[in-house]
Amino acid sequence: MTIRLYDYWRSSAAYRVRIALNLKGLTYERVPISLMDGAQKAADYKAKNPQGFVPMLEVGDLRLTQSLAIIDWLDAIYPSPRFLPEDAGARAAELGKALLIAADVHPINNLRILKYLRHELGQPQDAVDAWARHWITEGFTALEAQVAPNQPFLSGDAPGLADICLIPQMANAQRVDTPLTAFPKLVAIDARACALPAFAAAHPEAVKPD
């Protein structure tokens, strides 16, 4: 059955799902939805996804939205490699790190929020970038403290849900020139993950339209 991913090349949430699909070794069809052109608000797309966000995963008659819900479904249907531990305590700890990024940092730094700051609230670009850097730095400070010395990935010995969330947020941090010298462990994890084919193929520059 065809797996179809509706995404935007620079969307952090869509980037997460691309990483997850690649790590699972799944073949999928990308359907670009340009957030800059407002394609997410088109009637035919909102008929499928009333919230009008990306990503959306379509498999037969099943339509899934929200990146972490999509990734949880993928982990249930395609259990290797696992993104979340089976042990309840370890699972909760992994979700805590992932949600720190996906629920606390990313939502107040995504495109629609930054556009609102610029246009509706009239903030200059340097103030908008400073806003993004502030919340990214706050989140990364908490994450850095949770990484044990010589720990290969945020999730442990292999990439998991927390890493799937971290790597797109690191790309966002770099895009707004966030100083990263205080986060050597996160920088090392980012470099290690981005060297893996599944992460490299999901990178925005790898899927950017011509």
Pairs where the first residue, in the stretch 169-190, is under 19 Å from H203 (Cα atoms) and the second is not in a helix (DSSP H, G or I), C-beta under 6 Å, 6+ apart: V187/L180; I189/F153; I189/L154
In the stretch 82-99, the residues that are hydrophobic (A, V, I, L, M, F, W, C) and touching a helix residue (DSSP H, G or I) at 6+ places or on another chain (Cβ under 6 Å): F83, L84, A98
Tabulated pairs, the stretch 36-60, first modelled with pLDDT of 95 or more, second of a type in the set (K, R), C-beta under 7 angstrom, 6+ apart or interchain: M56/K48; M56/R63; E58/R4
Selected residue (only one of T141, T137 is out of contact with any helix residue (DSSP H, G or I) (no Cβ under 8 Å at 6 or more places or on another chain), surrounded by 13 or more Cβ atoms within 10 Å (Cβ to Cβ) and outside the structural domain of Q40 (by TED's automatic domain parsing)): T137
Residues of the stretch 12-52 satisfying the condition of being loosely packed, with under 13 Cβ neighbours inside 10 Å and β-branched (V, I, T): T27
Some residue of the stretch 105-116 being in contact with a helix residue (DSSP H, G or I) (Cβ under 7 Å, 6 or more places away or on another chain), of a type in the set (D, E, K, R) and assigned by TED's automatic domain parsing to the domain that holds G139: no
Odd one out for I77, checked against (1) free of Cβ contacts under 8 Å to residues at least 24 places away in the same chain; (2) aliphatic (A, V, I, L, M); (3) within 27 Å of I108 (Cβ to Cβ): (3)
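The values are calculated or read from the model by the stated rules, or taken from the named source; none is laboratory data. On a predicted model such as this, the values are computed, not experimentally measured, just so you know. Counting neighbours? That spans all protein chains shown, and the Cβs are built from the backbone with ideal geometry, glycine included.
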